[in-house]
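The values are calculated or read from the model by the stated rules, or taken from the named source; none is laboratory data. Note that this is a predicted model, so its numbers are computed, not measured. Using ideal geometry, Cβ is built from the backbone for each residue, glycine included, and neighbour counts are taken over all protein chains shown. Just so you know, the surface numbers come from the protein's heavy atoms only, side chains and all, with ligands and any DNA or RNA stripped out. Shrake-Rupley method; radii C 1.70, N 1.55, O 1.52, S 1.80 Å.
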Amino acid sequence: MPKKPAETAGRKKLASLGLVVPMFPAAAAGSLPKSTELTEMRFRVSHNVVAASELDRKEKLSTEMWIRQQERVKLDVLVEGDMARGDMIAHFANRIDGFSPGGGVVRVYGNRYYRRPSVIGKVAWKAPIVADTWRVTQRMTKNVVKAILTGPYTLADWSFNEYYPSREALVRDLVPILRRELTLLAEAGVKIVQIDEPAISARPSEFSLILAAYKELLAGFRFYTVLHHAFGDLTPIWKPMQSLPVDQFSIESANSGMAFLKGMKKLITEKDVAVGIIDAHSRTLETPAVIRERVKIAMAAVPPSQLWLTTDSGLRTRTGEEAADKLKALANAAIRLRS
Amino acid sequence: MTLLQVASIGSYPRTGDEKDHQRYPRALGHFERKEISAHALRDVEQSIVQEVIREQVDRGADEVTDGLVTWSDPISRFCRNLSGVKSGGLARYFDNNFYCRVPILPAKPKLSTPVLADYNYAKGCSNRPVRAVLTGPLTLARHTRSESKLYDKLAARVALFTDVIACEVAALAKENAPVIQIDEPALTNASSEERKLAAAAFAKLVAAKGASKIALAVFYGPVFPIVDYLIGLPADILQLDLSVDGSAVIQRLSVAPPRNVLGLGAANGRSTVLESVEELLFLVRPFVDKAPAKIYLTPSCGLELVPRSTAMAKLGRLAELRTSLSQPGAPLA
């Protein structure tokens, strides 16, 4: 196994940003668990029982706690952990004009539900969505913190559209809003941006719409961009996905028994690929043997210099202890591979 | 005179904005953490079934379902009838933001007895006919995997699930279920080979139905391309999603009304936009005017993908449509 990475497009881009990452860089995919205390405080603030400033203080403390945790286990790129976000849709719906965050509660799977917002008017940017918290978080550490946004297609698809004539029209109007957010992040010095798009595999026939949206969304930015996907089949769109102007695909794998990678055998891509080797939806902590097996499948599909290791998706549904253990297992997998 | 009936055809939101509506998710959470017994969870489940049936009736449904309240999802629910099935990862269910656990089949799954408790309970607490709902063999086969060579081909899994669902159909027929609905959303994007498999499977289910009526429900996609195929199947009731290409489907049905009773899925079960009675009239009137003996007015699919308040409003709107259609000379939009 090579100890020194080959020059890849992703590594060149990172180098141009002053970032050098080791072989098999490891990073969590996104959210981390909130403490019961923080959840309770969010509830109280939503009912005006506690001041929002107190929640803000508590969110920062929780973010810092997770940043230290990620530093301790030696992850290469850090995440904020979404301490200030209710969920990946509501947080955006609350901060974009045209959404009615009220919507209603719907089930996503098993016993998990979310409040699905409705689009009831023309969407428009009204305030920073993620740039403010990212800036605060990045100041907490010398490591690189990736900024994470929900993508335009998923935002449109996971909301009820009561205003626009089509999904395409809604996506088209969401792009400039997210672009404005990316501009704020770029101005603040962000180096890695992850865009969560679990819905991109929902309708392969709409991929041209997604491609057009991303060309507009990311034009001219210099940061390294990750596109994260989970819980859908990428096989039908993998080839056209190569035209997306992103540097890395981050893909859920462990939860689906590495089915996509096993099916594709060898991924034809010049982009970096972060493979989910930690199942975010299982309480069971992966043993080194299980991780070894998953890494073996990942390495058969992705050239080592392009391979990153990650969690399948955010760990928000795990307990704090489970998430901490899973982060450690992820970091240790990378460290073992490099030794 | 056409008999017009409003029917709920599948899932119904098990939770809602009101605190009391959230008692089932809370109870499931307590159960998962071993804080309450299975018996206590069952009590809560049954109270929810009672509640959703009452709500459907209050909103004007002539035929109800148990809301599929106890289903974890439409796939793993029926793998409970097979021994040795492992629970796999999450996979998107069609193009919805809803996910199923993908069951992984063993080499020799054993068929256990059908699960009738849910249906019998619902029947006991409803003064309206309860439609029993089962997932069809093609849809089940598409959403399962196998580690064994015996079931790695789709056709083998369709055959396995045909046996599973035929047992359920026979058991429900024995309980005198008036309507047994087979959900086959996979037909909306099936290949011709898959359609052949589904047709053969459906014929076996029909053979087990006894005196019950059997409905075939197709949703989550365009129906027009397969409408002639569907008409050719031996279904007593064809339950069609009209939310995608409804006008084309209605036109086709109006040209030569089929012998099957039609369930017209006119109210979009995946959108919070509430259709006006005029819109619904415009859509279904051309077919209703052909005066078949019986028509069901229904949502396009189960209602669990919309909030509870929307589910109630959609059923209520279908009841208004029934009233409008029943009045002589009701205006067309």
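The table that follows gives values for the structure above.
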| read-out | value |
| --- | --- |
| Within a Gaussian network of chain B (alpha carbon springs, distance under 10 Å), most fluctuating of B:A203, B:A313, B:A117 | B:A117 |
| For the stretch B:74-91, residues shielded by at least 20 square angstrom of accessible area compared with the chain on its own, probe 1.4 Å | B:G89, B:L90 |
| Carbon plus sulfur fraction of accessible area for the stretch B:34-140, probe 1.4 Å, in percent | 53 |
| Among A:L38, A:L75, A:L182, residue whose mean-square fluctuation peaks in a GNM of chain A (springs only between Cα atoms under 10 Å) | A:L38 |
| Kyte-Doolittle mean at least -1.0 and Cα axial length at least 18 Å: DSSP H helices in chain A | A:167-187, A:288-301, A:320-338 |
| Heavy-atom accessible surface of the stretch A:288-339: percent carbon and sulfur, 1.4 Å | 57 |
| Separation in nanometres of the label points that stand 7 Å from Cα toward Cβ, at A:S100 and B:E193 | 4.7 |
| Those lysines that a straight Cα-Cα span of less than 21 Å connects to A:K328, excepting residues fewer than 8 apart in one chain | A:K34, A:K74, A:K142, A:K146, A:K296 |
| Inter-label distance, nm, simple model (7 Å from Cα along the C-beta direction), A:T141/B:S324 | 5.7 |
| Full-stretch length increase - B:K86, B:R33 - with 0.36 nm per residue and alpha-carbon distance subtracted | 17.0 nm |
| Chain A, accessible area per residue, ligands and nucleic acids excluded (1.4 Å, Å²) | 40 |
| Extension gain (nm, one decimal) between A:M264 and A:D56, 0.36 nm per residue minus Cα-Cα | 70.4 nm |
| Whole-Hz ³J(HN,Hα) from phi, Karplus 6.51 cos²θ - 1.76 cosθ + 1.60, for the stretch A:99-105, glycine and proline x | 8, 9, x, x, x, x, 7 |
| Of the trypsin sites (Lys or Arg not before Pro) in the stretch A:189-287, those whose Cβ has at most 11 other Cβ within 10 Å and which sit in DSSP loop | A:R222, A:K265, A:K266, A:R283 |
| Beta bridges per DSSP with both ends in chain A, % antiparallel, nearest 5 | 25 |
| Cα-based shape type of chain B, given that a ≥ b ≥ c are square roots of the gyration tensor eigenvalues and the cut on a/c is 1.5 | oblate |
| Å² of accessible area per residue within the stretch B:192-333, as computed with a 1.4 Å probe and no ligands counted | 38 |
| Inter-chain Cβ neighbour average for residues A:110-123, partner chain, 10 Å | 3 |
| Viscosity 1.306 mPa s, temperature 10 °C, Stokes-Einstein D of the stretch A:190-267 from Kirkwood C-alpha radius, µm²/s | 121 |
| Calculated [θ] (222 nm, deg cm²/dmol) that DSSP helices of n ≥ 4 give over the protein assembly as shown, each run adding -39,500 (n - 2.57) | -12000 deg cm²/dmol |
| Largest-first ordering by accessible area, 1.4 Å probe, given options A:H281, A:H229 | A:H281, A:H229 |
| Under 12 Å from the Cα of B:K209 - aspartates and glutamates, other chains or at least 8 residues apart | B:E168, B:E175, B:D236 |
| Interface residues, the stretch A:59-105 - accessible area loss of 10 Å² or more versus chain alone, probe 1.4 Å | A:G103, A:G104, A:V105 |
| Choice from A:N48, A:N143, A:N161 showing the highest fluctuation, given a GNM over chain A with Cα pairs closer than 10 Å | A:N48 |
| Inverse mean reciprocal Cα-Cα distance (Kirkwood Rh) of the stretch A:1-85, Å | 15.3 |
| Residues of the stretch A:181-208 buried by at least 20 Å² on assembly (accessible area, 1.4 Å probe, chain alone as reference) | A:A202, A:R203 |
| Cleavage-rule hits, trypsin sites (Lys or Arg not before Pro), the stretch B:94-200, DSSP coil, Cβ neighbours within 10 Å at most 14 | B:K110, B:K153 |
| Fraction of alpha-carbon pairs over 34 Å apart in the protein assembly as shown - percent | 47 |
| Spatial separation of Cα centroids for the stretch B:222-240 and the stretch A:250-283, in angstrom | 38 |
| The stretch B:11-92 shape via C-alpha gyration tensor axes, a/c threshold 1.5 | oblate |
| Accessible-area value, A:F231, 1.4 Å probe, nucleic acids and ligands omitted, Å² | 20 |
| Descending principal axes extents, chain A, alpha-carbon based, whole Å | 55, 43, 41 |
| B versus A: buried accessible surface, summed, Å² (probe 1.4 Å, to nearest 100) | 2500 |
| Estimated FRET transfer efficiency when R0 is 56 angstrom, pair A:R72-B:A203 (beta carbons, to 0.05) | 0.35 |
| The stretch B:93-166 versus the stretch A:46-90: alpha-carbon centroid distance in Å | 41 |
| Helix runs (DSSP H) in chain B reaching 18 Å along axis by Cα, Kyte-Doolittle at least -0.5 | B:38-58, B:154-174, B:192-207, B:308-326 |
| A:H47 paired with A:L17, simple spin-label distance in nm, labels 7 Å along Cα-to-beta-carbon | 4.2 |
| Cβ-based net charge around B:F224, under 10 Å, with every Lys or Arg adding one and every Asp or Glu removing one | -1 |
| Under 13 Å from the Cα of B:K153 - aspartates and glutamates, other chains or at least 8 residues apart | B:E193, B:E194 |
| Sulfur and carbon atoms: percent of accessible area, the stretch A:183-279 [1.4 Å] | 56 |
